[in-house]
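Visitor: Next up is a structure, given as structure tokens.
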Amino acid sequence: PAAPIIEGAVADGYRRLLAPSIERDIRRTLTEMAEAHAIQIFGTNLRSLLMQAPVRGLNVLGIDPAYRTGCKVVAVDQYGVLLDYTTIYPHEPQRRWAEAIAALGALVERHHIALIVIGNGTASRETEQLVAELIKTRGGSLQYLVVNEAGASVYSASDLAREEFPELDVSMRGAVSIARRVQDPLAELVKIDPKSIGVGQYQHDVNQKELSRALDTVVESCVNYVGVELNSASAALLKYVSGLSASVANQIMLYRLTNGAFRTREELKKVKGLGPKAFEQAAGFLRIADGEDPFDNTAVHPESYGTAREILARIGFRPEDMRSKDKLREIRRRLRSLDPSELAAALGAGEPTVRDIIAALAQPGRDPRDELPPPHFRADVLRLEDLQPGMALKGTVQNVVDFGAFVDIGVGKAGLVHISELSTEYVRHPTDVVQVGEIVDVKVLSVDPDLGRISLTMK
């Protein structure tokens, strides 16, 4: 007779107490999985963005476009040093188009500009047309590039930017950031909070502390993988080097100002607050291009300099010979003939260490980013109305999300390559096929000018 009462109690207990608790647990688990996935995608995209190939050896004109307040224009030399700046008003309401072209032409002439970089914000499209017209009238090898300006405004209002350019207004500093992020994406983007760079998905919905921790780890990993030039790096870059903190990075800057350029890695030990442990961790990631010891421009750690000298001696060379291009070619050839396992046994060193030293000696001053393809430069404007289904184009991957990749093809709107259009084979996730900053070949599938939607394929 008590069975119905017990069944009712069980049903009520399940409905009121157990089911909601199970549902909450399942939802929490799924949310945590989704958050972890979103953070991982952001990290992958950020790594690709930071590891883009630098554009070296060119004087660059950076433009931060705007309508009413005018386009801020800066000229920087190949090292990112500010040469000149001005404001032009080619767009509404002033429409001083001819005057703007003349001003840009004068800057290009005066500072031997080879590349113009335009931010992709407000009035970017119209500014692109202005620059394309300038290139057409001038001829020559002048080209332009539209870059993602996300985070430029964050940097321009920061203490770091104020310290670097106290005489410039906020938007002019943003134009400097836009120009420099092509010359050395890593060195410039580390000055900006990674969350402001805008290459993620659902970034505001995830645990912000976890996101910050994951992104900082990515930045640190990239900085140490590439290595840092000790005599030109900013404090913002130095603080990510293994073993260095923000305060020690500032002390390095202070030492440079007081004593001039570092001549050797050993000199780091004189920096206030940089102890033996920090030196041990940081030294291998810091480079000195024209220092007293050629090994200081390699990834060889000071602890292994003795081993490196012995390896060079075995092939008949000295460290100083690495400065000569002809001798370096011969060093590379002879290093290839060495057997790392035999050498490790003879020198009493670990085989992985010997392999790393051989690789480092073959490429002093190596920057792994130089092996990547450069950005896609343009000389003319393509409009949305010009697009036709089947048209083949080159584009730059702007963002990668779970359902596909957004690709900039130079029409002011990024086109979507859906995950099903990324490859003829099965794609588990878009990041398996494309990365942010990658140059890809695409074809136009369809265009909706009213909605501004572009569908692309990579098949």
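The values are calculated or read from the model by the stated rules, or taken from the named source; none is laboratory data. Since the model is a prediction, treat every value here as computed from it, not as a measurement. Using ideal geometry, Cβ is built from the backbone for each residue, glycine included, and neighbour counts are taken over all protein chains shown.
Visitor: Given the structure, is M458 at pLDDT 95 or above and of a type outside the set (V, I, T)?
Guide: Taking the combined requirement at face value, the residue satisfies it.
Visitor: E99: among the acidic types (D, E) and loosely packed, with under 15 Cβ neighbours inside 10 Å, yes or no?
Guide: Yes.
Visitor: Can T127 be described as touching a Pro at 6+ places or on another chain (Cβ under 8 Å) and either surrounded by fewer than 22 Cβ atoms within 10 Å (Cβ to Cβ) or touching a residue at least 24 places away in the same chain (Cβ under 8 Å) (or both)?
Guide: In short, yes.
Visitor: One residue is enough: does the range 435-454 have a residue meeting the conditions in contact with a Lys or Arg (Cβ under 6 Å, 6 or more places away or on another chain), among the β-branched types (V, I, T) and not in a strand (DSSP E or B)?
Guide: Among the residues of the range 435-454, not one is in contact with a Lys or Arg (Cβ under 6 Å, 6 or more places away or on another chain), among the β-branched types (V, I, T) and not in a strand (DSSP E or B), which makes the answer no.
Visitor: Does L254 meet the test of being surrounded by 20 or more Cβ atoms within 10 Å (Cβ to Cβ) and on the phi < 0 side of the Ramachandran plot?
Guide: In short, no.
Visitor: Identify all residues within the range 244-299 that are over 30 Å from L328 (Cα atoms) and aromatic (F, W, Y); write none if there are none.
Guide: Y255 - this is the single residue of the range 244-299 that is over 30 Å from L328 (Cα atoms) and aromatic (F, W, Y).
Visitor: Would a scan of the range 42-59 turn up a residue that is surrounded by 11 or more Cβ atoms within 10 Å (Cβ to Cβ), among the β-branched types (V, I, T) and modelled with pLDDT of 95 or more?
Guide: no
Visitor: Give the residue that is nearest to V400 (Cα to Cα), with candidates limited to residues of the range 166-218 that are among the basic types (K, R) and part of a helix (DSSP H, G or I).
Guide: Filtering first and then ranking leaves K195.
Visitor: Moving to a separate point now. So which residues in the range 23-42 are of a type outside the set (A, V, I, L, M) and more than 27 Å from the chain's Cα centre (by Cα), if there are any at all?
Guide: Residues satisfying the conditions are E23, R24, D25, R27, R28, T29, T31, E32.
Visitor: Being at negative phi, buried (at least 17 other Cβ atoms within 10 Å of the Cβ), under 29 Å from the mean Cα position of the chain (by Cα) and among the small types (G, A, S) is true for just one of G62, G70. Which residue is that?
Guide: The conditions single out G62.
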